[in-house]
Amino acid sequence: MELYELSAKETAEGVKSKKFSAEDATRACLDRIDKFDAKVNALITLTAEDAIAKARAVDEKISKGEETGPLAGVPYLAKDNFCTSGVRTTCSSKILEAWVPTYNASAINYMNDSGAVLLGKTNLDEFAMGSSTENSIIGPTKNPRDMNRVPGGSSGGSAASVAAGYAPLALGTDTGGSVRQPAAFCGVQGMKPSYGQVSRYGIIAYASSLDQVSPLARTVEDIAVVMESLARPDSHDTTCDAYDRPKFTDAISLEDLKGKRIGVFEGFESSQMDAELYGSLRKAAELCEASGATVEPMDLPIAVKYGVATYYVTALADASSKLACYDGMRYGAHIDGKSLNEMYVNTRTASFGEEVRRRIILGTCLLTEGFYQNYYGPALKVRQKMVDEFDELFEKFDAYILPTSPSLPYLLGMKETDPNRLYLGDIFTVPISLGGLPGISLSMGLNGEGLPLSVQLVGQRYFDAELLGIAAVLERAIGRPAVANPGLPGTSNSGKGAA
Ligand code: GLN
């Protein structure tokens, strides 16, 4: 195995036991970026020099026998909506194109403390609004498993990077599916933790009542390892709960699913979703049963019918108030005008992209007298109804299996012109976000054309560790995703197909 193919856990072990150095591991990943990123376009900013310096510092500590963290020498990438001190953080927007934060997001500090090596910042849909990573100041990211297709979004740069072997780990954010769906499209593992599990401090907000820092990796074990570094109370973020987290890495040693009650989603006409993905659901159900679980069909009538509408009302209202801080004065771009008002209009019109402007206008409208009573208020009530629906189901099930996305990765440019089609693709991810539940997109191998298949595992709020345990059992049966060689014929199709 090449160094870039190793998992984070294997890399950390190799560095610690001096089989290879942190600098070797870092250079192996930087070489991959150098080889492929001109075409894949997953990175907005590369921090190669800082990365080498950090890797050397790790190597020095190890040679002196000093204590290092659990991710010492492990290269990783972070979505470009994580504040990084001294490194520009664009959010893929013209408004922040030249903005350099003076502090790190808590998640970046935690990764740093664990010894991980930041290689750079990844592409996203502007302000994390989207599902295809096509709306970006640097242009679209391509799916490393099929370069004509989108990588999903909005954390498409992070998912593509992990699939292409740029790094074993990447951080993204998931508000309504932005890590789970790109993980599914790129054929890697991605987890949105329970809301309140990981600090949001220093994450550029999209919708604060839903945003959650979320890791991507090629193994479930790596997700557990990184969760152990990320999930902790933070006095900077009052929505990050102050409770003792379980040991995520212990949970994944679960041997089988005996005694587990798993619900498999059947509340959707199979004709309304991709047949192969429907097959993946059935396959996952069989694997659960074979591992000793009791498997039963389940449905989410409220969530499926009202989830997308409820989510977009909630998220856009959140977004319109959060994005008010980009006023041409405090952060980023500034375009003069004859009056204060004209300056606001000039700056915001020229510096936000079309989708972001659409969402700010809709969100602002939703919060005005009349619309608030007719839309925002009811959306909050439906959100509660969904939580009740989930709670009732958890009396019967420990976890359930849903699709992550109703479709396979689609061709670049296909949905760009029709926002409604894009929004409907979020049908299975947004209800989980509205419920604050943990969700894992688990790779189910590749289909005959080399396109990734997946399912989504969903658990009870704060039962993230238990959910990782179930995912680990299934991953052992399916096989972990292989690294793709973007654009090289035949090579991205390696990996075991399970459906
Ligand atoms: N696709 C969804 C949206 O556009 C989710 C985005 C996200 O999770 N950041 O809002």
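The values are calculated or read from the model by the stated rules, or taken from the named source; none is laboratory data. Remember, predicted model here, so these are calculated numbers, not experimental data. Glycine gets a Cβ as well: all are built from the backbone with ideal geometry, and neighbour counts include every protein chain shown.
Values for this structure:
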| item | result |
| --- | --- |
| Sole residue being modelled with pLDDT of 95 or more, at negative phi and assigned to a loop (DSSP other than H, G, I, E, B), chosen from A205, A224, A242, A284 | A205 |
| Breaking point among (1) free of Cβ contacts under 8 Å to residues at least 40 places away in the same chain; (2) touching a Leu at 6+ places or on another chain (Cβ under 8 Å); (3) of a type in the set (F, W, Y), for Y376 | (1) |
| Set A72, A98, A105, A55: member being within 16 Å of the ligand (Cβ to nearest atom), over 30 Å from R421 (Cβ atoms) and among the small types (G, A, S) | A105 |
| Selected residue (criterion: farthest from the ligand (Cβ to nearest atom)) from residues of the stretch 165-188 that are small (G, A, S) and farther than 23 Å from S208 by Cβ | G165 |
| Among (1) within 21 Å of the chain's Cα centre (by Cα); (2) hydrophobic (A, V, I, L, M, F, W, C); (3) farther than 28 Å from G487 by Cα; (4) more than 15 Å from the ligand (Cβ to nearest atom), the one test that V382 misses | (1) |
| Total residues in the stretch 200-218, condition more than 16 Å from the ligand (Cβ to nearest atom) and surrounded by fewer than 24 Cβ atoms within 10 Å (Cβ to Cβ) | 2 |
| Criterion violated by A163 - all others in (1) touching a helix residue (DSSP H, G or I) at 6+ places or on another chain (Cβ under 7 Å); (2) among the hydrophobic types (A, V, I, L, M, F, W, C); (3) within 30 Å of C325 (Cβ to Cβ) satisfied | (3) |
| Residues within the stretch 81-128 that are in contact with a Phe, Trp or Tyr (Cβ under 8 Å, 6 or more places away or on another chain) and β-branched (V, I, T), tallied | 5 |
| Pair list, Cβ < 7 Å and 6+ apart or interchain, from the stretch 124-138 residues that are over 21 Å from W99 (Cα atoms) and within 11 Å of the ligand (Cβ to nearest atom) to residues that are of a type in the set (A, V, I, L, M) and part of a loop (DSSP other than H, G, I, E, B) | S132/V150 |
| Pick from the stretch 283-328, criterion closer than 20 Å to V458 by Cβ and without any contact (Cβ under 8 Å) to a residue 12 or more places away in the chain, ranking: nearest to the chain's Cα centre (by Cα) | K305 |
